[in-house]
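Worksheet: the structure to be examined is printed underneath.
Every number in this text was worked out from the coordinates using simple rules, so none of it is lab data. Owing to the predicted nature of the structure, the values given are computational and were not obtained by experimental measurement. Every residue, glycine as well, gets a Cβ built from its backbone with ideal geometry; the counts of neighbours run over all protein chains shown.
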Amino acid sequence: MLNAKDTRWYHADGRPALCDFEGDTNFSQLGINLQVLWPGQPMARYHWEADQEDFLVVAGEGLLIVESVERPLKQWDLVHCPPKTNHVIIGAGSGPCVVIAVGARVDSVDNPDWGGYPVDETALKHGAGVTEATTVPEEAYADVKPQRQPARYQPDWLG
């Protein structure tokens, strides 16, 4: 069972809050975290990964962009992204959108072919895209400021 010392929250003004459930443990085959997105905040840059990812909306509303198509999300919607599926989730509605993200780590850890950030007009329209395709995360997020830092949980993050 997880307790407060096993979880790590990261946050910066204007950025989604992230809870890394792995704490000091680095699971070799599974990544899992919880993110709190406010309306208009993208979870990440529009991207694809070599491994599958799944997302469960546990509270609020979001907007999924998958393969350049917008799809609304609501509480208890589950999104499955097979390997190499272009996607991003953006907070929507009037309050926080809480999303649990779970992904495989078979082909994406320490692999130069882990995934990438394609240029996509739909994602750019929502501030979630890159203007130049890259496979380097530091390039994709170079203009995203400020960087998230360790933070204490705030009661309004989970609605």
> residue 111: net charge of surrounding residues, Cβ under 14 Å, Lys/Arg +1, Asp/Glu -1, itself excluded?
Replying inline: -3
> Rounded to the nearest 500, what is the chain's calculated 222 nm mean residue ellipticity when only DSSP H runs of at least 4 contribute -39500 (n - 2.57) each, over all residues?
Replying inline: -1000 deg cm²/dmol
> Around residue 53, what is the net charge, scoring Lys/Arg as +1 and Asp/Glu as -1 over all other residues with Cβ under 13 Å from its Cβ?
Replying inline: -2
> P(r) for the chain: what percent of alpha-carbon pairs falls in each 5 Å bin, starting at zero?
Replying inline: 2, 9, 18, 22, 24, 17, 7, 1, 0
> Taking the Cβ-Cβ separation of residue 75 and residue 30 as r and a Förster radius of 35 Å, what is the calculated FRET efficiency to the nearest 0.05?
Replying inline: 0.90
> Measuring from label point to label point, each 7 Å out along Cα→Cβ, what is the residue 154 to residue 136 span in nm?
Replying inline: 3.3 nm
>> As an exercise, use a Förster radius of 22 Å and the Cβ-Cβ distance of residue 12 and residue 100 to find the FRET efficiency, rounded to the nearest 0.05.
In response: 0.60
